[in-house]
Structures are given as structure tokens and as C-alpha cells.
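These notes are about the structure you will find just below.
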Amino acid sequence: MKPTVFIHTNHKQYIGALVSAYSLRRNSRYADLFDIRILQHRDYPFFQAREGQRFLRNGSSRVWRNDDLQSFTPLRFMPPELMGYQGRAVVIDPDVFSVGDIYELLTLDMQGKALMCVARFGHNDRPDYLASSVMLLDCEKLTDWHCEAQFNELFAFTRDYISWIYLGLEPRERIGFLDPVWNHFDILNEHTKLLHNTKRQTQPWKTGLPQDYTVREKGWRSRAKKAVKLVKGMLLGKDRVQKRYTPHPDPRQEAFFFGLLRECLEQGIVTEALLQEEMGKNHLRHDALTLMRQVPPLAA
């Protein structure tokens with residue numbers, strides 16, 4: 001079995017997943033030596049079975065919504081099963097785009113570890129934050145990963161979503177750390193291997209669209225500020241205005257995405273009809289076709 005890159009997504013981020021897959025092959029010298037699979041949330045009925053039910057997240061009870069922008073995240077733990085618990089896999093979010101050669105990651109010396117990821121200690125007020133949005137997996141060592149069963153444990157309140165997603169339930173001795181260039185969070189420079197447009201508010205293909213994701217808590221300070229802002233609005237009689245996605249602060253990252261998207265259109269990976277459909281659903285900014293024609297061609 002070839003090593004495989006898995007891109008997990010849902011209907012809201014499908015265009016991102018297609019562009020991500022294209023970037024992986026485009027920028028690898030060894031594209032024939034690995035496979036790419038897009039895992040779609042809609043193909044796993046166990047998600048729909050839990051619609052509207054309460055689950056454990058960060059010690060609190062939350063309602064599961066399949067229409068959430070990031071409802072696909074539990075699929076990060078599906079690849080070992082799909083690989084028959086054999087071989088190497090990389091799993092990435094649909095907002096991760098290859099700048100370097102992904103085959104370098106697939107063949108990296110894992111030094112006996114079961115998985116490798118980038119550490120972001122202190123992010124989101126968590127001293128132990130590990131980014132599972134990009135993971136290198138030795139599937140043979142992850143036979144205890146059973147995605148559907150462990151997803152269901154969230155609703156039995158025996159597994160916490162945050163602890164699961166941040167890899168807090170994994171034995172630390174089997175986790176290795178990747179160079180941050182393999183999950184560069186909204187950073188694009190000469191060192192970047194995988195660009196991750198992780199800040200949802202500024203994802204380049206969403207600019208101007210109504211915000212369609214749930215803002216998650218980031219600690220007690222964030223919750224306190226939100227409560228104060230809400231009270232002030234009530235006292236001052238301010239109407240609630242729907243927020244919108246804002247432009248990415250780095251125009252080069254916007255140009256990179258739309259340069260890739262234009263090549264996808266030229267090569268028939270996407271069609272103009274599909275892009276129009278996604279714009280109609282507010283999954284893709286409405287000026288996408290204009291932007292594709294305006295951005296300079298990407299370097300070969």
C-alpha cells in the first residue's frame with residue numbers, strides 16, 4: 001500500500017480540499033509514489049446520527065451540529081483504520097496547502113514514534129496544545145484508534161472533544177514533534193512546507209461572506225470579555241449585526257490560493273459551474289472568478 005495523504009473536509013470546505021489535493025501533487029517531485037484521499041464528512045453516517053445531541057467539550061455540554069464549519073475534525077483519527085493499520089499516512093485539514101514536497105514528510109524518520117505533529121504550547125491558553133491539524137502517522141502503531149467508537153464516547157461523556165483533538169489522551173512517549181514549517185499557521189515564507197490558513201475569520205476564499213462558524217471559547221478571559229461586550233450591547237440598545245469574513249492580512253497568501261484555484265480550473269479539477277454553485281451556497285467568496293483572473297501565475 002502506498003503512503004497516503006488524507007484530507008478531511010465537509011461541504012463547506014470542499015473547494016479548499018480540492019485545491020489542497022492539487023497543491024500536494026503539483027509541488028511534489030514524487031507524486032506517483034503516494035496516494036491522496038479526500039474524506040468527506042457526509043460519507044460517515046455516524047455524524048448525522050448525532051445531530052442535535054449533547055457531547056462533552058472542554059468539560060461542558062455542547063450540542064453537535066453537522067452544519068458547523070469544522071464538523072469534520074473527528075475524521076483526523078480515521079486514517080489508520082482506512083489503511084488497515086499498515087504503512088504511513090499524513091492527515092491534514094482542508095485549509096492546508098502544499099508549498100514544499102509532501103513526500104519529504106511522508107518519508108521522514110519518525111524515530112520510533114507513532115505520530116508526529118507540531119507543538120503550539122500556550123496556544124488558546126493551553127500549555128499542552130498539540131496541533132492535530134497536520135499529523136504524520138505510523139498506522140501500525142495506532143491500532144487503538146477507532147474513530148466512530150471514540151466519537152460516540154463524546155456523547156456518553158466519557159471522552160472530551162478538546163482532549164481528543166489536542167492529543168491530550170495520547171501517551172506522550174509515542175508523540176514526536178515536527179518542524180513548524182510542516183504546519184505554518186498563516187505564515188508563508190521561504191521556509192514554509194505546508195501553509196495552514198488556520199484563522200477561520202481570514203481564510204482567503206471566504207472574504208466578505210457571512211460568518212458561518214461557531215466561535216469557541218479560548219479561556220476565561222475571552223469568555224469574560226464576550227460577556228461584558230454582550231451586556232454593553234444590551235444596555236446601549238445596539239442591534240446584533242452578522243459578522244463577515246475579513247481579508248487575510250497577507251495578500252501573498254490570498255494570491256497563492258487563487259493561483260492554485262486558477263490552475264485547478266485550467267486542468268479541469270474544478271469547473272466554473274461548480275465554483276458558481278459554491279458561491280451560491282456562500283462557501284466561496286463571490287468575486288472568486290475575478291480574483292483568479294487577476295492574480296499573477298504561480299512559479300513553476
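Taken together, the values in this text are just the output of simple stated rules run on the coordinates, not laboratory data. For clarity, every value in this text was computed on a predicted model and none was experimentally measured. Counting neighbours? That spans all protein chains shown, and the Cβs are built from the backbone with ideal geometry, glycine included.
Compared with the alpha-carbon gap, the fully stretched path from ALA31 to HIS286 is longer by 88.6 nm at 0.36 nm per residue. Positive contributions from Lys and Arg (+1) and negative ones from Asp and Glu (-1), summed over other residues with Cβ under 10 Å from the Cβ of PRO80, come out at -3. For the peptides 3-13, 40-50, 74-84, the ranking by mean Cβ contacts within 10 Å, running from highest to lowest, is 3-13, 74-84, 40-50.
The length gained by stretching the chain between GLN211 and HIS146 to full extension, at 0.36 nm per residue less their Cα-Cα distance, is 20.2 nm. Of the peptides 268-279, 105-116, the order by per-residue mean of other Cβ atoms within 10 Å, starting with the highest, comes out as 105-116, 268-279.
Put +1 on the Cβ of every Lys and Arg and -1 on every Asp and Glu Cβ in the range 1-58; which of ASN10, LEU56, SER20 then has its Cα farthest towards the positive end of the dipole? The residue sitting most towards the positive pole is LEU56.
Please report the antiparallel percentage of the DSSP beta bridges confined to the range 4-196, to the nearest 5. Of those bridges, close to 50 percent are antiparallel.
Between ALA299 and GLN53, full extension at 0.36 nm per residue minus the direct alpha carbon distance yields a gain of 83.8 nm. Which chymotrypsin sites (Phe, Trp or Tyr not before Pro) from the range 150-205 combine a DSSP loop assignment with at most 13 other Cβ atoms within 10 Å? Hits after loop and neighbour filter: PHE157. Taking the number of Cβ atoms within 10 Å of each Cβ as an exposure proxy, the fewest-first ranking of TYR213, TYR30 is TYR30, TYR213. Magnitude of the charge dipole for the chain, about its Cα centre and with charges confined to Cβ atoms of Lys, Arg (+1) and Asp, Glu (-1), is about 1440 debye.
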